[in-house]
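Written out below as structure tokens is the structure these notes cover.
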Amino acid sequence: MVETRDKTLPSAAIEEFRSSLRGELIGTGDEGYEEARKVFNGMIDRRPQFIARCADVADVMSAVNFARENELVLSVRAGGHNVTGFGTNDGGLVIDLSPMKGIRVDSSKRIAWAEGGCTWGDLDHATHPFGLHAPGGVISTTGIAGLSLGGGVGHLTRKAGLSCDNILSAEMVTANGELVRASATENEDLYWALRGGGGNFGVVTSFELKLHPVSTVFAGPLLYSLDQARDVMRFYREFMAGAPDDLNAFFAYLIVPPGPPFPEQLHNKTVCGIVVCYAGPMDRAEEVTRPLREFGPPLLDGLGPVPFPAIQSAFDPLMPPGLQNYWKADFFEDLSDEAIEAHLKHGPGIPTVNSAVHLYPVDGAAARVGKSETAWSYREARWVLVIAAVYPDPADTEKNVQWVRDYWEAVHPYSAGGAYINFMMDEGEDRIRASYRDNYQRLVDIKRKYDPANLFRMNQNIRPNGAKA
Ligand SMILES: Cc1cc2nc3c(=O)[nH]c(=O)nc-3n(C[C@H](O)[C@H](O)[C@H](O)COP(=O)(O)OP(=O)(O)OC[C@H]3O[C@@H](n4cnc5c(N)ncnc54)[C@H](O)[C@@H]3O)c2cc1C
């Protein structure tokens, strides 16, 4: 018998489960357990009883059945980036999809099939030689699964839509352990729900993704001094309203990393910036980005032609796993002068070089999808804000958390209400409802159909009875 806080399971049942897997089952006493239980956010310190490193769909089916039959808390983990720590739990089972990285590209149809454990870096590697990319985030180590299922904003959002808008179909293991396909013609309700509804409905083992012709992009950061911040934010707001969809640019407060390619005089300086990714015809790149580059002038103009995977991974070194992460988020329909003043008050207080204040545009192609076409409701929002304190020493938690909360309190009154679920931490039922608005009840109905016992609850949870906890 193996004792845990939650469950005592017969060792025969555990051995039967272990032998059903092609992948590895890692238990609390096994070698590698301490590494295997970790997720990206170093603040999360949980001890699941088992981590099933699934090698294929059959492993996932077996693991879902084992969790359900033994009433174990179940976490599903792909890239492990969810900062709330949904990718792990205490005393239960983690389905770790990281070994499932198969990718197939059909360049003539501009489609990729990617298994549930792929990161954006894996996908970029496979599609770039064909001059094709799917819209992901801004860091290459994030999982395509968690990011796409929750929505997905990044360098190609204005050109190609949210990541979830580019899911053509998905194969998933539902709570009863069956493999189903969800697409525009099969299990249409599930297909609707998984585009923005997060991990509530099952384990996606494979995605069929729409690819876009993107290869070399004109991209990089523009940095400005803090005394330019008011003018920069106002200019940025106006400029983006008229910018072509091929141009993505997010606003940021940041501390300049102390190393190349940044000039020494800027190292460790707090600045504001605009991170640009122009993915249109290269002969128009100079003209389209000129107003941004001439404004200010910037302290640093780091724009130039780069392969798309280079910009998608440019900030990876700033976001290593294991640091403490505390995040808060909101949607914004506009960026009023008053909201800008609140940013000016708190943005410069960004605590560490790893921390981030990012204002991502979600207009363009993302806004041309109807608000009830997918589970992602905020199609009229123009911006997604994330305020993220990221720091190494747990002893600094109080002041970092305070900075995030004060900042968020100051800008929240100007927000649209809910938040992008992938940038939220555990903020309770009301925040989840506010993020889905009119789509919430439909999500509850679909949840009740596919997961009536709420097996998949380690997520921004849609309860099958729609009730508060
Ligand atoms: C460094 C960093 C950078 C980020 N940058 C961006 C960004 O640019 N744009 C953006 O939109 N978001 C970004 N995010 C947020 C990101 O979208 C979420 O953290 C997302 O949950 C990460 O997905 P994952 O697969 O890596 O995480 P995981 O922790 O593995 O998964 C998160 C949740 O997704 C669900 N899930 C995961 N895999 C599956 C699956 N195969 N089937 C069903 N459910 C599944 C589960 O509920 C799981 O708990 C970033 C996060 C970090 C930490």
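Within the group D59, D96, which residue is within 13 Å of the ligand (Cβ to nearest atom), without any contact (Cβ under 8 Å) to a residue 40 or more places away in the chain and in contact with a helix residue (DSSP H, G or I) (Cβ under 9 Å, 6 or more places away or on another chain)?
It is D59.
In the list S372, S355, which residue meets the criterion of being of a type in the set (S, T, N, Q) and more than 15 Å from the ligand (Cβ to nearest atom)?
Result: S372 is the single residue among S372, S355 that is of a type in the set (S, T, N, Q) and more than 15 Å from the ligand (Cβ to nearest atom).
In region 99-112, what residues are buried (at least 17 other Cβ atoms within 10 Å of the Cβ), more than 9 Å from the ligand (Cβ to nearest atom) and under 23 Å from S62 (Cα atoms)?
I103
Among the residues of region 232-248, is any within 16 Å of the ligand (Cβ to nearest atom) and either surrounded by fewer than 23 Cβ atoms within 10 Å (Cβ to Cβ) or within 23 Å of S148 (Cβ to Cβ) (or both)?
So far as region 232-248 goes, yes, one or more of its residues are within 16 Å of the ligand (Cβ to nearest atom) and either surrounded by fewer than 23 Cβ atoms within 10 Å (Cβ to Cβ) or within 23 Å of S148 (Cβ to Cβ) (or both).
Specify the residue that is nearest to E188 (Cα to Cα); the eligible residues are those in region 428-452 that are away from the ligand (no atom under 16 Å from the Cβ) and among the small types (G, A, S).
A434
From (1) touching a residue at least 60 places away in the same chain (Cβ under 8 Å); (2) in contact with a Pro (Cβ under 8 Å, 6 or more places away or on another chain); (3) among the hydrophobic types (A, V, I, L, M, F, W, C); (4) within 16 Å of the ligand (Cβ to nearest atom), pick out the condition that doesn't hold for V276.
The one condition V276 does not meet is (1).
Among the residues of region 142-171, what is the count of those that are surrounded by fewer than 24 Cβ atoms within 10 Å (Cβ to Cβ) and near the ligand (Cβ under 7 Å from one of its atoms)?
Counting residues in region 142-171 that are surrounded by fewer than 24 Cβ atoms within 10 Å (Cβ to Cβ) and near the ligand (Cβ under 7 Å from one of its atoms) gives 1.
Could you tell me how many of the residues in region 360-388 are in a loop (DSSP other than H, G, I, E, B) and closer than 24 Å to C272 by Cβ?
4
Working only within region 395-427, note down all residues that are within 16 Å of the ligand (Cβ to nearest atom) and not in a helix (DSSP H, G or I).
Listed by number, the residues that qualify are G418, A419, Y420, M424, M425, D426, E427.
Rundown of residues vs (1) small (G, A, S); (2) in a loop (DSSP other than H, G, I, E, B), yes/no style:
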| position | (1), (2) |
| --- | --- |
| F17 | no, no |
| E34 | no, no |
| G42 | yes, yes |
| R46 | no, yes |
| A52 | yes, no |
| D59 | no, no |
| A63 | yes, no |
| F66 | no, no |
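Computed from the coordinates by the stated procedures, all read-outs in this text should not be read as laboratory data. Fair warning: this is a prediction, and the values are worked out from it, not measured in the lab. Note that we place each Cβ from the backbone using ideal geometry, even for glycine, and neighbour counts take in every protein chain shown.
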